[in-house]
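See below for the structure under consideration.
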C-alpha cells in the first residue's frame, strides 16, 4: 500500500514537472519576450486657445469640430509662443492629454473676441 501511494505521488510530481517544462510553442508570450513595441498613431487636435494656466502647464483649447473645451498639458517653453485666441494644432497619444507636438497655425488678432460656445439642447 505504501508503495502504491509513493508511486502515485511520484507520478503526480512528474506530470507537474512535464507540464511546466514542456513545449512552450503554444503562442503565449512570457513577460519580457516582446522585441518590438507596437507603434500607436497620434491624434491631431485643431482649435483655438481659450485659456492659459501657466503654473499648472495647462492650456484649454476649444476644438473646431466638436466645439468642446479640452484641457491639455504642455511643456513650459510653449507659453512663450502661445496666447489666448491663437489657432493651434496639437498632437497627442490616444487617451492622453499630454501634448507631444505643438504648433501655432494662426496668431490671434488683438480685436478678435472669443465667443463662448452655445449649449446644445
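Condition test on residue 104, is it outside any loop (DSSP other than H, G, I, E, B), out of contact with any helix residue (DSSP H, G or I) (no Cβ under 6 Å at 6 or more places or on another chain), surrounded by 15 or more Cβ atoms within 10 Å (Cβ to Cβ) and at pLDDT below 90?
Details: outside any loop (DSSP other than H, G, I, E, B): yes; out of contact with any helix residue (DSSP H, G or I) (no Cβ under 6 Å at 6 or more places or on another chain): yes; surrounded by 15 or more Cβ atoms within 10 Å (Cβ to Cβ): yes; at pLDDT below 90: yes.
Yes; evaluated as a whole, the condition is true for this residue.
Are any of the residues in segment 45-54 at positive phi, touching a helix residue (DSSP H, G or I) at 6+ places or on another chain (Cβ under 9 Å) and at pLDDT 85 or above?
no
Scan the strands (runs of 3 or more DSSP E) fully inside segment 39-91 and keep the ones with 2 or more residues being touching a strand residue (DSSP E or B) at 6+ places or on another chain (Cβ under 8 Å), under 15 Å from residue 101 (Cβ atoms) and free of Cβ contacts under 8 Å to residues at least 40 places away in the same chain.
58-63, 69-73
The values are calculated or read from the model by the stated rules, or taken from the named source; none is laboratory data. Owing to the predicted nature of the structure, the values given are computational and were not obtained by experimental measurement. In this analysis, Cβ positions are derived from the backbone assuming ideal geometry, glycine residues included, and neighbour counts consider all displayed protein chains.
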